[in-house]
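The values are calculated or read from the model by the stated rules, or taken from the named source; none is laboratory data. It should be emphasised that the depicted structure is a prediction, and the values quoted were computed from it without experimental measurement. Methodologically, a virtual Cβ is constructed for each residue, glycine included, from the backbone with ideal geometry; neighbour enumeration extends over all protein chains shown.
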Amino acid sequence: AGATSAASGQGGATPALGPECADAPWSCLDGQTCWVATDDAWRCVAAGSVVEGAACSAVVGQAGCASGLLCVGEDPANGTCVAFCSLNDGTHACASGASCARVTLTTPDHTVVTEHAAQIRSDLIILVDGPQHPSGRPTFVFGARGMMSAELTVFGARHDLHSGNYGNWAPNPAFELARLLSSMKDRTGRVTIAGFYHDVVPLTPDEQRAIAEIPDGDSTLMRRFGFARSEFPGQRLDALDNLPTLNVSGLGAGTVAGQGRTVIPAQAVARLDLRFVKNVTPDAQFARLAAHIRAQGFHLIDGNVPTDRERATYPLLAKLTRMGGYPAGRTPLTNPLARQAVAAVAAATGATPARLPSLGGSTPFYLFSDNLRAATVGMPVVNFDDNQHAPNENLRLGNFFDAVTAMRAVVTMK
């Protein structure tokens, strides 16, 4: 069975990361199988014990199927263990009539919340993640964006070519990728993919009022981070956190380090991340992204590399791989228990808390607010310049002590 990814929840031990195996899943050693590891890459990991044809659960980082098998199915809790095979490689050919099957994944946290819903469900759930508002006020968020990653590869020749001998003649996938990426956003910051904002639910009057009550911290942020103009001029960050995003988080082509190599690279790769707001789903956004790529004239391949026939037929070739994905969650600002928590922190700290409809970052907020239908709010406590996901990540001690005061106020509410 071939495989594409999908996404979202399950618990248990995490196996050690092995070599990547997406191009040759049968290369894994005895006792291993090729499976989606915790870094979203297909890797050789310790195999499970479920035999071919038996039922399995498709969990990121946990291979339940035996050596040489993978778990496929539309429902991650009710998959079937099947053997890897190739539609293109005769050595590992699939049986006659075989076709690619979808691998729908779940993640450990999703299953833990689902299986232990009775113990977890509470009057009020507090999630602690993300930075405080740059104004320095105690901060409450009433939702969090969802998220999905994707890898986009554009292909040129079968292998790198000498840029002198074949320059101005052989196609350069780095330029094609650059043009493709630039077609996805305009100079005002708007994503130009058709339908990208179609499902966005407008902010309620209460949510708009809450944002208006918060000091605009954009100038503080730009000065601290060192840039002169935001990507979306005329809109403050607190409001933009309530729109879906498309980001390029990494690029790769050819050789940059050292003396480099004077070649036309065989391929160029971009790592993307997309964030979602309430009512915008990972499936819908991935489909829109793929449709946009096709609309720019690209043929999206199903395998890991183009076949000879595809290379001879299509001038623009690309591969789009989805990695994970989960939706946004939201709690109304008018929720009585959430309002009580805000009031308790205001009384304890003597400061008016900032109330944000959504955190800009992504957490599994939806597991509690939507799946458990429990009142859920976030209390970011770290400094806004904590270098999250970057070198020298830090926590200001003043924020730590303020967090103790705020948490005490919440957990001692009547």
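Structural remarks
- Close pairs (8 angstrom Cβ cut-off, 6 or more residues apart or separate chains): within 19 Å of Ala212 (Cβ to Cβ) and touching a residue at least 60 places away in the same chain (Cβ under 8 Å) in segment 223-250, charged (D, E, K, R) and in a loop (DSSP other than H, G, I, E, B) anywhere: Asp238/Asp216
- Residue list for segment 225-238, filter: surrounded by 12 or more Cβ atoms within 10 Å (Cβ to Cβ) and either among the charged types (D, E, K, R) or in contact with a helix residue (DSSP H, G or I) (Cβ under 6 Å, 6 or more places away or on another chain) (or both): Glu231, Phe232, Arg236, Leu237, Asp238
Table: residues versus (1) of a type in the set (A, V, I, L, M, F, W, C); (2) within 30 Å of Leu337 (Cα to Cα).
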| site | (1), (2) |
| --- | --- |
| Thr33 | no, no |
| Ala41 | yes, no |
| Cys71 | yes, no |
| Asp75 | no, no |
| Cys100 | yes, no |
| Val103 | yes, no |
| Phe140 | yes, yes |
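- Test: residue in segment 379-388 that is under 30 Å from Ile293 (Cα atoms) and either under 21 Å from the mean Cα position of the chain (by Cα) or in the same structural domain as Ala58 (by TED's automatic domain parsing) (or both): no
- In the set (1) modelled with pLDDT of 95 or more; (2) under 24 Å from the mean Cα position of the chain (by Cα), Pro171 fails one condition alone, (2).
- Odd one out for Gly226 among (1) touching an Asp or Glu at 6+ places or on another chain (Cβ under 7 Å); (2) farther than 26 Å from Glu151 by Cα: (1)
Matching residues to (1) at pLDDT below 95; (2) among the charged types (D, E, K, R); (3) touching a strand residue (DSSP E or B) at 6+ places or on another chain (Cβ under 8 Å):
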residue: Phe225; (1), (2), (3): yes, no, no
residue: Arg236; (1), (2), (3): yes, yes, no
residue: Leu246; (1), (2), (3): no, no, yes
residue: Thr255; (1), (2), (3): yes, no, yes
residue: Gly258; (1), (2), (3): yes, no, no
residue: Gln267; (1), (2), (3): no, no, yes
residue: Ala270; (1), (2), (3): no, no, yes
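- So Ile293, is it modelled with pLDDT of 95 or more, of a type in the set (A, V, I, L, M, F, W, C) and over 27 Å from Asp39 (Cβ atoms): no
- Segment 311-338 - residue that is surrounded by fewer than 16 Cβ atoms within 10 Å (Cβ to Cβ) and free of Cβ contacts under 8 Å to residues at least 40 places away in the same chain and, of those, nearest to Tyr366 (Cα to Cα): Pro336
- Count of segment 46-79 residues which are small (Gly, Ala, Ser), surrounded by 20 or more Cβ atoms within 10 Å (Cβ to Cβ) and over 18 Å from Gly18 (Cα atoms): 3
- Selection over segment 153-165 of residues that are surrounded by 15 or more Cβ atoms within 10 Å (Cβ to Cβ) and either free of Cβ contacts under 8 Å to residues at least 24 places away in the same chain or not in a loop (DSSP other than H, G, I, E, B) (or both) gives a count of 5.
- Restricting Asp123, Asp89, Asp40, Asp129 to residues that are modelled with pLDDT under 85, acidic (Asp, Glu) and within 26 Å of Asn371 (Cα to Cα) narrows the list to Asp40.
- Across segment 293-300, not a single residue is classified as in contact with a Lys or Arg (Cβ under 8 Å, 6 or more places away or on another chain), among the aromatic types (Phe, Trp, Tyr) and over 30 Å from Glu213 (Cβ atoms).
- Filter result (among the basic types (Lys, Arg) and at pLDDT below 95) within segment 296-317: none
- Restricted to segment 239-286, and to residues there that are under 13 Å from the mean Cα position of the chain (by Cα), under 23 Å from Thr331 (Cα atoms) and of a type in the set (S, T, N, Q), the residue that is surrounded by the fewest Cβ atoms within 10 Å (Cβ to Cβ) is Thr281.
- Taking helices (runs of 4 or more DSSP H) as the structural unit, no element lying wholly within segment 185-278 holds at least 2 residues that are touching a Leu at 6+ places or on another chain (Cβ under 6 Å) and among the aliphatic types (A, V, I, L, M).
- Within segment 118-152, the set of residues being charged (D, E, K, R) and part of a strand (DSSP E or B) comprises Arg145, Glu151.
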